[in-house]
Each structure stands twice: as structure tokens, then as C-alpha cells.
1. How many residues does the stretch 43-81 hold that are in contact (Cβ under 8 Å) with a residue 24 or more places away in the chain, farther than 23 Å from PRO11 by Cα and not hydrophobic (A, V, I, L, M, F, W, C)?
2. Those residues that are assigned to a loop (DSSP other than H, G, I, E, B), of a type outside the set (Ser, Thr, Tyr), under 23 Å from GLY53 (Cβ atoms) and open to solvent by 20 Å² or more (accessible area, probe 1.4 Å), I need them from the stretch 173-212; list them, please.
3. I'd like the full set of residues that are part of a loop (DSSP other than H, G, I, E, B) and open to solvent by 10 Å² or more (accessible area, probe 1.4 Å), limited to the stretch 36-54.
4. Every residue in the stretch 163-192 that is within 30 Å of GLU141 (Cα to Cα) and of a type in the set (D, E, K, R), please.
5. Any residue at all in the stretch 81-104 that's within 21 Å of VAL214 (Cα to Cα) and surrounded by 23 or more Cβ atoms within 10 Å (Cβ to Cβ)?
6. Kindly list the number of the only condition in (1) within 17 Å of the chain's Cα centre (by Cα); (2) modelled with pLDDT under 95; (3) crowded, with 18+ Cβ neighbours inside 10 Å; (4) among the aliphatic types (A, V, I, L, M) that fails for ALA57.
7. Do we find that ARG108 is part of a helix (DSSP H, G or I), modelled with pLDDT under 95 and more than 28 Å from ARG69 (Cα to Cα) in this structure?
8. If we keep just the residues of the stretch 1-35 that are modelled with pLDDT of 90 or more and touching an Asp or Glu at 6+ places or on another chain (Cβ under 7 Å), which is most open to solvent (accessible area, probe 1.4 Å)?
Amino acid sequence: MNDDGHALPAPQGHWALFLDFDGTLAELAPTPGAVVIDPGLPDILLSLTESLGGAVALISGRPLVELDRLTGLELPGAGVHGLELRERPGMPPHMPDESRAIRKIAERLAPLVAGDRRLILEEKPGALALHYRRAPEREAECRTAMKEALAVASGLEIMEGKMVIEVKPGHANKGHAIEKLMSLPPFLGRIPVFAGDDRTDEDGFGVVNALKGVTIKIGDGETKAAHRLPSVEYFVAWLKQAASSLRGDG
């Protein structure tokens, strides 16, 4: 593990860049809808996309439509931890077919959330997230409730992140999404680079490490990533420098 962000490899024109969103490109917020991005981020992403031949993708737990709205872009990528996939800009994402099971779980969790406004139940395409960031003392209770609710469905699994517990189909994760995109143009044949901050990003780190790529952990915590930067601010600044370098401005 390398904790020195300055030792990150110099940006290369044959990279394929995969970026988590919350906690990586944007600071975590009390609710998913309260997130704010750096005003310059869309231009940075557009510059990187041009320099890397279109090989820039967002790999997030959010639905792709939310990423489009927040960035003002329609980049390739994977939403809901790989349940949605968009291979090229502007393409409609491949949608999952898990809505019935997810709806049953949401119904089981509804009383818990109704009794505490601090808890948020977020329905996504093919997945469900229970946020307790505003009520951290209820973590154990939320975990128990999710496990009990999951008993009504099969083929689903629990995935825990920062102050959030999600349920999703067991076949989907960020690593699988990166593997899929790396098999297709414009990512095919390039060196993958993946940056993330959470436990949900570790599958992606594992895949990219196996592909001899570059992995970057944002913030603290144990990780499979080979490099680390301390915060979103540092990482966005590094992306800006990378975009400038690849354009030949430096």
C-alpha cells in the first residue's frame, strides 16, 4: 500500500479511466440528493474523455440517470453497482429485472423508515438502499431489519457501504462491470485505472489489480488499492492536473 499520493503514476494516453462518484468525485452528503460537485468537474471529465479516446466511465452505486443529472454528461459507465451498464455515451442503460423482489423488501422496511425521518429508503433500478447517515446509532437495527426483509426474496445479497446498507442481485458488482467494459471499445486494450473510496469499490480494485492496472483509494481504511489520496479535494485536483497533462498544457 502506497500512502503517498504524489507517487501516483503519470497519466498515460492509453489509460481507461473508471471513477466512483460519491466519496471520490463528490464529497459525501447527509442525503443522496444533497451532494454537490466541483463546478469544474464536468469540464475536467470532458477533457479526459477527449484525451483518452472516450475511455472514461463512471462506476457508481447511483443510477446512471442521477449521474447524468449531477454531471450534465452522459458518460459510459455502470450504475447501481453494475446492475446498469452503458457502453457508449448516450446509449440507454441495460436495465435489471429485479423490481418485484425489491418492492417486497421495500414494503417490509417501510414501517422502520416511517418511524424515523432521519432514515432514508432509496429505491434504485433493481436495488434498494437504506441510509442511516443521519441516525448512526441505529446502524445495528437497520442491519437486522434489512436481513429480515431479505428473507422474502432469493438471489439477492446485502452490501454495506458508508452509513448505508444495500440489497442487490448477487451477480452484480463494480468489478464485473469494469471487466465487461474492458472487453469493449473504447476501453478494450487499454490499461484500467479505477478510483474509489468505499467497501463497495473493493471488487473493482481487485479486478483492476489483476489486469495490471492502477488502483486509487480515496480516504482512510483498509483496501486492495495500490495507491491512496486523502480526500475528494485532492483527487479532483489530481484529475485536473491529469487532464492538463494529457492535453499537453504542462
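1. Number satisfying all stated conditions: 7.
2. LEU184, PRO185, PRO186, LEU188, GLY189, ARG190, LEU211, LYS212
3. Across the stretch 36-54, the qualifying residues are VAL36, ASP38, PRO39, GLY40, GLY53, GLY54.
4. Across the stretch 163-192, the qualifying residues are GLU166, LYS168, LYS174.
5. yes
6. Condition (2) is where ALA57 drops out.
7. yes
8. Applying the filter and picking the extreme gives LEU28.
The values are calculated or read from the model by the stated rules, or taken from the named source; none is laboratory data. From a predicted model like this one, the values you see are computed outputs, not experimental measurements. All Cβ positions, glycine included, derive from the backbone under ideal geometry; neighbour counts span all protein chains shown. Quick note on the areas: whole protein, heavy atoms, side chains included, nothing else; ligands and nucleic acids left out. Shrake-Rupley method; radii C 1.70, N 1.55, O 1.52, S 1.80 Å.
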